[in-house]
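Working notes, beginning with the structure itself.
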Amino acid sequence: MNNEVEFLTIEVEAEMKLPYYPEGIRAGFPSPATDYEEEAIDLNRELIRHREATFYARVKGDSMIDAGIHPGDLLIVDRALEPKHGDIVVAFVGGEEDGFTIKELDLSERERGRVWLVPHNSAYERIQITPEQSSVIWGVVTYCIHSSLRHG
(Lines give C-alpha, C1' and ligand atoms only; values in the text may rest on other atoms or scores of the structure.)
Protein backbone atom coordinates (compact mmCIF):
# COMPACT_ATOMS: atom_id res chain seq x y z
CA MET A 1 0.00 0.00 0.00
CA ASN A 2 1.31 3.44 -0.82
CA ASN A 3 0.08 6.68 0.69
CA GLU A 4 -3.35 7.45 -0.73
CA VAL A 5 -3.55 10.86 0.91
CA GLU A 6 -1.66 14.12 0.49
CA PHE A 7 -2.20 16.39 3.50
CA LEU A 8 -2.77 20.12 3.01
CA THR A 9 -2.83 23.01 5.45
CA ILE A 10 -6.12 24.70 6.22
CA GLU A 11 -6.62 28.40 6.92
CA VAL A 12 -9.85 28.41 8.92
CA GLU A 13 -9.48 31.86 10.44
CA ALA A 14 -9.91 33.51 7.06
CA GLU A 15 -13.43 34.11 5.87
CA MET A 16 -14.32 32.55 2.54
CA LYS A 17 -17.61 34.17 1.63
CA LEU A 18 -19.01 33.16 -1.72
CA PRO A 19 -22.33 33.92 -3.44
CA TYR A 20 -25.07 31.59 -2.23
CA TYR A 21 -28.50 31.01 -3.73
CA PRO A 22 -30.73 29.76 -0.87
CA GLU A 23 -33.55 28.77 -3.22
CA GLY A 24 -31.18 26.49 -5.14
CA ILE A 25 -30.30 26.56 -8.81
CA ARG A 26 -32.68 24.75 -11.12
CA ALA A 27 -31.37 22.05 -13.40
CA GLY A 28 -34.46 22.44 -15.57
CA PHE A 29 -36.19 25.52 -16.93
CA PRO A 30 -35.01 28.70 -15.14
CA SER A 31 -37.42 30.52 -12.87
CA PRO A 32 -37.65 34.29 -13.52
CA ALA A 33 -39.01 34.86 -9.99
CA THR A 34 -35.66 34.11 -8.38
CA ASP A 35 -33.38 35.98 -10.77
CA TYR A 36 -30.26 37.20 -9.02
CA GLU A 37 -31.37 36.45 -5.46
CA GLU A 38 -28.08 36.03 -3.68
CA GLU A 39 -26.70 35.84 -0.16
CA ALA A 40 -23.20 35.10 1.07
CA ILE A 41 -22.04 31.83 2.56
CA ASP A 42 -18.75 31.13 4.34
CA LEU A 43 -17.57 27.64 3.44
CA ASN A 44 -15.29 27.47 6.49
CA ARG A 45 -18.33 27.97 8.76
CA GLU A 46 -20.48 25.53 6.78
CA LEU A 47 -17.97 22.69 6.37
CA ILE A 48 -15.73 22.84 9.44
CA ARG A 49 -17.09 22.00 12.90
CA HIS A 50 -13.83 21.59 14.86
CA ARG A 51 -11.33 24.17 13.60
CA GLU A 52 -8.30 22.92 15.53
CA ALA A 53 -8.90 19.27 14.58
CA THR A 54 -9.82 19.64 10.90
CA PHE A 55 -7.56 19.33 7.90
CA TYR A 56 -7.71 18.93 4.15
CA ALA A 57 -6.35 15.93 2.29
CA ARG A 58 -6.05 15.32 -1.44
CA VAL A 59 -6.88 11.80 -2.65
CA LYS A 60 -4.07 10.09 -4.52
CA GLY A 61 -5.35 6.51 -4.97
CA ASP A 62 -8.44 4.85 -6.45
CA SER A 63 -9.45 2.41 -3.70
CA MET A 64 -12.65 4.39 -2.93
CA ILE A 65 -13.73 5.17 -6.47
CA ASP A 66 -17.00 3.18 -6.19
CA ALA A 67 -17.94 5.35 -3.21
CA GLY A 68 -17.56 8.44 -5.41
CA ILE A 69 -14.13 9.40 -4.03
CA HIS A 70 -11.73 9.87 -6.95
CA PRO A 71 -8.03 10.69 -7.32
CA GLY A 72 -7.60 14.45 -7.00
CA ASP A 73 -10.69 14.94 -4.83
CA LEU A 74 -10.32 17.18 -1.79
CA LEU A 75 -11.39 15.69 1.55
CA ILE A 76 -12.28 17.52 4.73
CA VAL A 77 -11.22 15.33 7.65
CA ASP A 78 -12.20 15.90 11.28
CA ARG A 79 -9.96 14.32 13.92
CA ALA A 80 -12.27 15.35 16.79
CA LEU A 81 -15.06 12.98 15.72
CA GLU A 82 -15.30 9.49 17.21
CA PRO A 83 -15.11 7.04 14.29
CA LYS A 84 -18.25 4.90 13.93
CA HIS A 85 -19.16 1.84 11.90
CA GLY A 86 -19.67 2.84 8.28
CA ASP A 87 -17.69 6.09 8.46
CA ILE A 88 -15.19 6.86 5.72
CA VAL A 89 -11.92 7.37 7.58
CA VAL A 90 -8.31 8.29 7.02
CA ALA A 91 -6.18 5.64 8.73
CA PHE A 92 -2.48 5.09 9.20
CA VAL A 93 -1.80 1.39 8.71
CA GLY A 94 1.49 0.14 10.08
CA GLY A 95 3.23 -2.84 8.57
CA GLU A 96 5.57 -3.60 5.72
CA GLU A 97 4.30 -0.73 3.55
CA ASP A 98 3.36 1.93 6.11
CA GLY A 99 1.08 4.65 4.89
CA PHE A 100 -2.13 6.58 5.10
CA THR A 101 -5.21 5.24 3.40
CA ILE A 102 -8.89 6.15 2.98
CA LYS A 103 -11.39 3.37 3.63
CA GLU A 104 -14.79 2.61 5.14
CA LEU A 105 -14.59 1.55 8.79
CA ASP A 106 -16.28 -1.81 9.47
CA LEU A 107 -16.86 -2.49 13.17
CA SER A 108 -19.49 -5.22 12.68
CA GLU A 109 -17.12 -7.91 14.03
CA ARG A 110 -15.65 -5.81 16.83
CA GLU A 111 -16.93 -8.16 19.56
CA ARG A 112 -14.87 -10.94 17.97
CA GLY A 113 -11.79 -8.73 17.92
CA ARG A 114 -11.96 -7.85 14.24
CA VAL A 115 -11.90 -4.35 12.81
CA TRP A 116 -11.73 -3.85 9.06
CA LEU A 117 -10.91 -1.07 6.63
CA VAL A 118 -12.99 -1.69 3.53
CA PRO A 119 -12.16 -0.32 0.07
CA HIS A 120 -14.82 0.58 -2.48
CA ASN A 121 -12.99 -0.84 -5.48
CA SER A 122 -12.99 -4.57 -6.21
CA ALA A 123 -9.31 -4.42 -7.20
CA TYR A 124 -8.38 -3.96 -3.52
CA GLU A 125 -8.65 -6.26 -0.49
CA ARG A 126 -10.08 -5.15 2.82
CA ILE A 127 -7.52 -4.60 5.58
CA GLN A 128 -7.86 -6.12 9.02
CA ILE A 129 -6.59 -3.90 11.83
CA THR A 130 -4.75 -6.03 14.38
CA PRO A 131 -3.13 -5.18 17.73
CA GLU A 132 0.25 -6.15 16.25
CA GLN A 133 0.12 -3.29 13.74
CA SER A 134 0.93 0.28 14.62
CA SER A 135 -2.36 1.39 13.07
CA VAL A 136 -4.60 4.26 14.03
CA ILE A 137 -7.81 5.80 12.73
CA TRP A 138 -6.56 9.31 12.10
CA GLY A 139 -9.81 11.11 11.30
CA VAL A 140 -13.31 10.92 9.87
CA VAL A 141 -14.02 12.24 6.39
CA THR A 142 -16.87 14.74 6.68
CA TYR A 143 -16.93 16.07 3.11
CA CYS A 144 -15.53 15.13 -0.28
CA ILE A 145 -15.19 17.96 -2.78
CA HIS A 146 -15.31 16.33 -6.18
CA SER A 147 -15.20 17.84 -9.61
CA SER A 148 -17.35 15.90 -12.00
CA LEU A 149 -16.36 18.26 -14.79
CA ARG A 150 -13.38 17.37 -16.91
CA HIS A 151 -11.55 20.35 -18.35
CA GLY A 152 -9.27 19.78 -21.34
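Just name the residue that is surrounded by the fewest Cβ atoms within 10 Å (Cβ to Cβ) out of those in region 102-152 that are among the β-branched types (Val, Ile, Thr) and closer than 26 Å to residue 43 by Cβ. So that I can check it myself, show each step before the final result.
Pass one, region 102-152, residues among the β-branched types (Val, Ile, Thr): 102, 115, 118, 127, 129-130, 136-137, 140-142, 145.
Adding the requirement that they be closer than 26 Å to residue 43 by Cβ leaves 102, 137, 140-142, 145.
Numbers: 102: 26, 137: 19, 140: 19, 141: 22, 142: 17, 145: 12.
Among those residues, the one meeting the criterion is 145.
Taking region 41-82, which residues are basic (Lys, Arg) and either touching a His at 6+ places or on another chain (Cβ under 9 Å) or assigned to a loop (DSSP other than H, G, I, E, B) (or both)?
First, pick out the residues of region 41-82 that are basic (Lys, Arg): 45, 49, 51, 58, 60, 79.
Once the filter is applied, which keeps residues that are basic (Lys, Arg) and either touching a His at 6+ places or on another chain (Cβ under 9 Å) or assigned to a loop (DSSP other than H, G, I, E, B) (or both), region 41-82 yields 49, 60, 79.
Okay, residues lined up against (1) in a loop (DSSP other than H, G, I, E, B); (2) within 20 Å of residue 62 (Cβ to Cβ); (3) modelled with pLDDT of 90 or more:
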position	(1), (2), (3)
97	yes, yes, no
103	no, yes, yes
117	no, yes, yes
124	yes, yes, yes
143	no, yes, yes
152	yes, no, no
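Filter region 105-115 down to the residues that are over 13 Å from the mean Cα position of the chain (by Cα) and modelled with pLDDT of 95 or more and list them by number.
First, the residues of region 105-115 that are over 13 Å from the mean Cα position of the chain (by Cα): 106-115.
Across region 105-115, the qualifying residue is only 106.
Restrict the check to region 8-24 and report whether at least one residue is touching a helix residue (DSSP H, G or I) at 6+ places or on another chain (Cβ under 9 Å), closer than 24 Å to residue 137 by Cβ, of a type outside the set (Ser, Thr, Tyr) and modelled with pLDDT of 60 or more.
The answer is yes; a qualifying residue exists.
Can you tell me how many residues within region 40-74 are surrounded by 11 or more Cβ atoms within 10 Å (Cβ to Cβ) and modelled with pLDDT under 85?
Count: 9.
Could you pull out the residue among 128, 133 that is modelled with pLDDT under 95 and either touching a Ser or Thr at 6+ places or on another chain (Cβ under 7 Å) or in a loop (DSSP other than H, G, I, E, B) (or both)?
After ruling out the rest, the residue left standing is 133.
The values are calculated or read from the model by the stated rules, or taken from the named source; none is laboratory data. All values derive from a computational prediction rather than experimental measurement. Please note: Cβ atoms are built from the backbone with ideal geometry, for glycine as well, and neighbour counts cover all protein chains shown.
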